[in-house]
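Scroll down for the structure; my scribbles are underneath it.
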Amino acid sequence: MYRDVSSCNTYNYGDALYWDARYVQEACSFDWYQRYSSLRPFVRRYIPTSSRVLMVGCGNALMSEDMVKDGYEDIMNVDISSVAIEMMKGKYEYIPQLKYMQMDVRDMSFFPDESFDSVIDKGTLDSLMCGNDAPISAAQMLGEVSRLLKPRGIYMLITYGDPTVRMLHLSRPVYNWKIILYIIPRPGFERPAGSSSPRSFLEPVPITEKGLIPADFVLEDPDSHFIYVCKKMDETTELHSIPDHPLMANVL
């Protein structure tokens, strides 16, 4: 397995020093890839508001705050940057639903096995894939995510990585994840005038037996983001028990 350099540059995004320096310079809130408003139909469909949620690589994003406003009751936020964590602790000290801890997602041994109902990852795996020893870092992080998820728990990965570079990491048998894929356009994307598509972005995308998108599938926005909904199966869980029907825009 190789380092994923499809959207990397010379920075080491897996390094705490890089992120500490960045958050010192950029104190304003910033959400990578997508805001909660765009992700809400998927989050609400697969993650009940009563879930204990782990937000990995939280940074200084508004995602967790927006989820609390939407009714989520317990979100643990972790990030490798102590600067970001201290900033967010101060900002949200009066919101009990939000907790913050400095932590490397490759080693979350502070938490016992099966501690969380759901794990949300918006760009953190991507950061590790741009760092040194990327395949090892990815395996360490995903192993920890799998360990921390309760049976039937959900790992929701929002990433720029299409199945050719992500499924080989996500589909390892040791995780025993049932995976459903969605593809959504980047914020601000508009279909060309006069064009139409029968497919809704809220519909799951078919995946071949090899874990790839069918060859005839048309990616309308070349800079789309990919949402992998990974359900942790157990011996009593049927593989078809995770819903794969189209979502509604206002999922409650």
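Bear in mind these aren't lab numbers, they're just calculated from the coordinates by the rules spelled out. None of these values were measured; they are calculated from a predicted model.
Counting lysine pairs in region 69-215 that sit 8 or more residues apart in sequence, or on different chains, and whose Cα atoms lie under 17 Å apart gives 6. Note on LYS150 and SER50: the extension gain reaches 34.6 nm, defined as 0.36 nm multiplied by sequence separation minus the Cα-Cα distance.
Scaling against 2.2 N^0.38 Å puts the C-alpha radius of gyration of region 89-164 at 1.20.
What aspartates and glutamates could a cross-link reach from LYS231, if we take a straight Cα to Cα line under 15 Å and drop same-chain neighbours fewer than 8 places away? Counting by Cα, and skipping residues close in sequence, LYS231 has these aspartates and glutamates nearby: GLU114, ASP117, ASP121, GLU144, ASP244.
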